[in-house]
Amino acid sequence: MTATATPAQNPESAAPALPAAGSSFYTAMRLLPKERREAMYAVYAFCRAVDDVADDGGSRAVRQAELDRWRADIDALYAGRPAPRVRDLVEPVRRFGLKREDFQAVIDGMAMDAVEDIVAPDAETLDLYCDRVASAVGRLSVRIFGMPEADGIRLAWHQGRALQLTNILRDIDEDAERGRLYLPREKLQAIGLTEPTPVQAISHPRIGEVCISLAREAEEHYEATWEIIRRSPRKATKAARLMAAAYHLYLKAVVDRGWAMPRARVKPGKLALLGVVLRHGLI
């Protein structure tokens, strides 16, 4: 379950699968100049493809084998022998200095979901997961955006965690249906849950305490994200600003909804999202 999770695509296709029109990602990427936008679409297509393997790629053995093939394709890309399905990454890697270890980290994050369903990871494991599936994508992105190196890496670190924790809180019911529970073990133990199933955990009468605590951590990452954005060049942070503002609407929506069962799926209103676009996308 990543910030780029979307419907399945053909992983053998060499053409990038574009994000859905109307999504916050699509809107943010439309703000970029053509060469940067196309580079982000190529990275996005890669992330979608490996995410689809982790979520819907068949048996665990099949998923592991396919992720290993993706690892080999990334290695071959950097060795100058790109397979058809990664050829759209050749120019972004060359032009923007994208790092092989960040692509491999994304695959490693997907493998964490593919090897076994994540259920109540400890805080360190959850942070590693967030780094791989979200902040590694951020490290690729900030290079494409043109961020200064040091602040770009810091932005990816905080914003990736902010977005991923928001996803986790938004999707707890859907993840439980898949047999997954990303809420950290230590926070669950604090309300008396030691080895819960995902359904047991999200149905617990005190689960709101866990979610509110995690939401506070997400808020801290959003605050750090905005601190970096405010001191950075506006042109290089336009897409990051829009993404941070849009995802924060989701966090606010789930917190305002609360955690009592049954929980309705939340989505910020169109006017609120339009306000984000007008505020951050046009300046």
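The values are calculated or read from the model by the stated rules, or taken from the named source; none is laboratory data. In this text, all values refer to a predicted model and were calculated from it rather than measured experimentally. We place every Cβ from the backbone using ideal geometry, glycine too, and count neighbours over all the protein chains shown. These area figures cover heavy atoms from the full protein model, side chains too; ligands, DNA and RNA do not enter into them. Shrake-Rupley method; radii C 1.70, N 1.55, O 1.52, S 1.80 Å.
Restricting attention to the stretch 56-65, does a residue exist that is touching a Pro at 6+ places or on another chain (Cβ under 7 Å) and either at pLDDT below 95 or in a loop (DSSP other than H, G, I, E, B) (or both)?
No.
Could you tell me whether Ala136 is open to solvent by less than 20 Å² (accessible area, probe 1.4 Å), farther than 30 Å from Arg69 by Cβ and at pLDDT 95 or above?
For Ala136, the condition - open to solvent by less than 20 Å² (accessible area, probe 1.4 Å), farther than 30 Å from Arg69 by Cβ and at pLDDT 95 or above - is not met.
Within the stretch 51-78, which residues are of a type in the set (A, V, I, L, M) and within 19 Å of the chain's Cα centre (by Cα)?
Listed by number, the residues that qualify are Val53, Ala54, Leu67.
When you go through (1) within 24 Å of Ala45 (Cα to Cα); (2) buried (at least 20 other Cβ atoms within 10 Å of the Cβ) one by one for Pro198, which number turns out not to apply?
With (1) within 24 Å of Ala45 (Cα to Cα); (2) buried (at least 20 other Cβ atoms within 10 Å of the Cβ) applied to Pro198, the lone miss is (1).
Return yes or no: is Ala76 in a helix (DSSP H, G or I), open to solvent by less than 40 Å² (accessible area, probe 1.4 Å), touching an Asp or Glu at 6+ places or on another chain (Cβ under 7 Å) and without any contact (Cβ under 8 Å) to a residue 60 or more places away in the chain?
Against the criterion (in a helix (DSSP H, G or I), open to solvent by less than 40 Å² (accessible area, probe 1.4 Å), touching an Asp or Glu at 6+ places or on another chain (Cβ under 7 Å) and without any contact (Cβ under 8 Å) to a residue 60 or more places away in the chain), Ala76 does not qualify.
Conditions: (1) among the hydroxyl-bearing types (Ser, Thr, Tyr); (2) open to solvent by 30 Å² or more (accessible area, probe 1.4 Å); (3) touching a residue at least 24 places away in the same chain (Cβ under 8 Å). Tyr182 meets all but one. Number of the miss?
(2)
Conditions: (1) outside any helix (DSSP H, G or I); (2) open to solvent by 60 Å² or more (accessible area, probe 1.4 Å). Met147 meets all but one. Number of the miss?
It fails just one condition, (2).
Can you spot a residue in the stretch 222-233 that is among the aromatic types (Phe, Trp, Tyr) and assigned to a helix (DSSP H, G or I)?
Yes: the stretch 222-233 contains one or more residues that are among the aromatic types (Phe, Trp, Tyr) and assigned to a helix (DSSP H, G or I).
Suppose we filter Asp117, Asp51, Asp102 for residues that are more than 23 Å from Gly146 (Cβ to Cβ) and either of a type in the set (A, V, I, L, M) or part of a helix (DSSP H, G or I) (or both); which single one remains?
Unique residue meeting the criteria: Asp51.
Pairs please, first residue from the stretch 143-165 and farther than 17 Å from Ala246 by Cβ and without any contact (Cβ under 8 Å) to a residue 40 or more places away in the chain, second anywhere and among the aliphatic types (A, V, I, L, M) and assigned to a loop (DSSP other than H, G, I, E, B), Cβ atoms under 6 Å, 6+ apart in sequence or on different chains.
Cβ pairs passing all conditions: none.
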